Amino acid sequence: MRSSAIDEDTGQASFAGLHDSYVNIRGVAAILRHVRLVWASLWSDAALLYRHEIGLDISRSAMAVLVQVLEVGQSSGVTFTVDPTDVHQAVIEAVHGLNQGLVDGTIEPDRWTLRRDSEQISTHTPARRKDYMVPGPADIRKVKLPADLVGRPPLSPDQVHEVYRQARKVEAAFDQPQDIEWTITKGGLALLQARPITTQPGSGDDQRGWYLSLHKSFDQLVELRAKIENEHIPKMIEIARELAAVDLAALSGEALANEIQRRWELNQHWSAVYWADFIPYAHGVRLFGQYYNDRVNPEDPYEFIDLLTQTGMESLARNDLLAELAETVRADARLLQHLSAGLDKNAFERKLKTFLEHYGDLSTGVTGGRAATGDLTALTGFILELARHAPPVGNGTGPKDPVRLKADFLDRFDTDERRQAEALLDLARNSYQLRDDDNIHLGRIEAQFLAAVDAGQQRLATSQDASKKALKEILEQVSAGENPSSIKTIADERPMSFRQRQLVGQPAGPGLVKGRARVVREAGQLLNFKSGEILVCDAVDPNMTFVIPLAAGIVERRGGMLIHGAIIAREYGLPCVTGVPHAAVMINTGDLITVDGYLGIVTVD
């Protein structure tokens, strides 16, 4: 059972793998239930993000469901009649058993490349053959591969050529390169599905690969976790500390230009690592959510999030330290008076120093790249705002008891299954924490890059030495590149010719609240946030969450129930609506708005 829609798999865009499909469904009741599940996948995070990427109107999305007889193959695979990386080659990937393991990344495939002109096999890359997918009583199961198949490729050379010849016939029939799923049964080769290849080698246009990377298997996620924890994060921490120790003021103009270049390259590298490894690892949360909901069938499909929030995330530790600073001020009227006039040399200043030692580099992300220690006015003003106003109590629903939820979840498994369930819960908790912490670690590297850029700009404005040329050249090069700031701006978006009164998005945090909007379109506006305002922005990330204790609600342009804005809203019990098109354009700071987190509606009064 799989999706089928007018907008899917056209010559311009392919939805292959982005919607859920189900195999070996038996009985009318089960078929009807899985029709609904396929429909529901129209609104998954990956599908919504991809629709936005290719410019489809999400509100007009629709889907039919295709029901096919299951062909139980001895070997299965996919064929790309044109290699996505080389126009002169074709690619065939195959596994023993059913295709499901190859499609969802559970089973590693053997891979062949062939010359398109001669049909000659160029390369064969064997897989580590351990498991394969077979039909169970009511599902598909991964089982150990029989010993006689471990050393045998899923296809013989003759079968590789037969699969390729049939694929070329399909390509000729449709008059364009094709991505084809197939299986080999006792009756011979069966072609299951064909779709156009939507991007040519080197074009870089098709973003589907990144969105499909959200669907990693458990084993792949375990490997990715080890890589992130043992390699990436220690290295990111080391680099951020090394960069912070450099005295930029002591560098010559030429040395500063070289330092900016080095930091730019480091920032670009770690941004690429973030998209390649950290983003796919976040699928641990989605995988657990599906597993939890299948077993528990809770009334709230996002109840599982409450099992994952008991972790010491970097952003929450920073927020707690800010709250301690505010409480120190709140408890001392004399200190409050002194701080209103200027910094006082007391316990507060010691705590502030501690905060800056741990998170001063992060605050550069919200003060335009300058070191927080250079100008404490904005930061002190924000702490005063926290101190003067007790954080508003959200009228949404806060987290449920995680101990009870965990016990109820694990009680639904027998002994063998329980170990797997506990392992998946542990992975999901780690994935949940790292999807927050990775932004913090990347933010520290970005902040050091921005600090160097800022130092270069100030040097250009004041210095008269001959090295100004090198500085000017690198700063122009950086300016022409992509802005590394983790907070996206929307200056290039244009407001509509009229302002709608009702904006419709996705309900992401239950509750109802009315208040003044604080629209954050660029980093420096965060420290202007006032107690009781409703945060309206393009996308919330962990470097922004320190303002959440003051917020009464959240409205976000980016969609999804598992994005940072939605998760932090649940933790604080705040009404939240995500996926509101042009939210930060259609709403202005000071507008009186009502956020309905139950229905996903934002009303501008």
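Only the coordinates and a few stated rules stand behind these numbers; no lab work does. Because the structure is predicted, anything quoted here is derived from the model rather than measured. Cβ atoms come from the backbone with ideal geometry, glycine included; neighbour counts cover every protein chain shown.
Looking at the square roots a ≥ b ≥ c of the eigenvalues of the Cα gyration tensor of the stretch 502-604, which shape do they give, rounded for a/c under 1.5, prolate if a/b is larger than b/c, or oblate? Could the numbers behind the result be given before it?
Numbers: a/c = 1.29, a/b = 1.12, b/c = 1.15.
Rounded shape, in that the Cα axes give a/c under 1.5.
What shape does the stretch 224-285 take by its C-alpha gyration tensor, where a ≥ b ≥ c are the square roots of the eigenvalues and a/c under 1.5 counts as rounded, a/b above b/c as prolate, and the rest as oblate? Don't skip to the end; give the middle numbers.
Values: a/c = 4.41, a/b = 2.42, b/c = 1.82.
Prolate, because a/c is 1.5 or more and a/b exceeds b/c.
Which value in nm describes the separation of the simple spin-label points at A226 and H88, placed 7 Å from the Cα toward the beta carbon? Calculated label separation equals 3.8 nm. Positive contributions from Lys and Arg (+1) and negative ones from Asp and Glu (-1), summed over other residues with Cβ under 12 Å from the Cβ of E71, come out at 0.
What does the net charge come to around P510 if you take all other residues with beta carbon closer than 10 Å to its beta carbon, with K and R at +1 and D and E at -1?
On the way: positive: R570; negative: D300, D596.
Result for the local shell: -1.
Of the cross-linked pairs K130/K227; K142/K186; K227/K406; K130/K186, which ones have a Cα-Cα span greater than 25 Å in the structure shown? The pairs that break the limit, which is 25 Å between Cα atoms, are K227/K406.
Arrange the peptides 65-78, 131-144 so that the one whose residues have, on average, the most other Cβ atoms within 10 Å appears first.
Details: 65-78: 17.4, 131-144: 15.4.
Those peptides, ordered most packed to least, come out 65-78, 131-144.
Considering only M133, Y164, T123, and ranking their Cα positions along the charge dipole of the stretch 75-212 that arises from unit charges at the beta-carbon of Lys, Arg, Asp and Glu, the one farthest toward the positive end is M133.
A full extension of the chain between A64 and D320 corresponds to an added length of 87.4 nm, given 0.36 nm per residue minus the alpha carbon distance.
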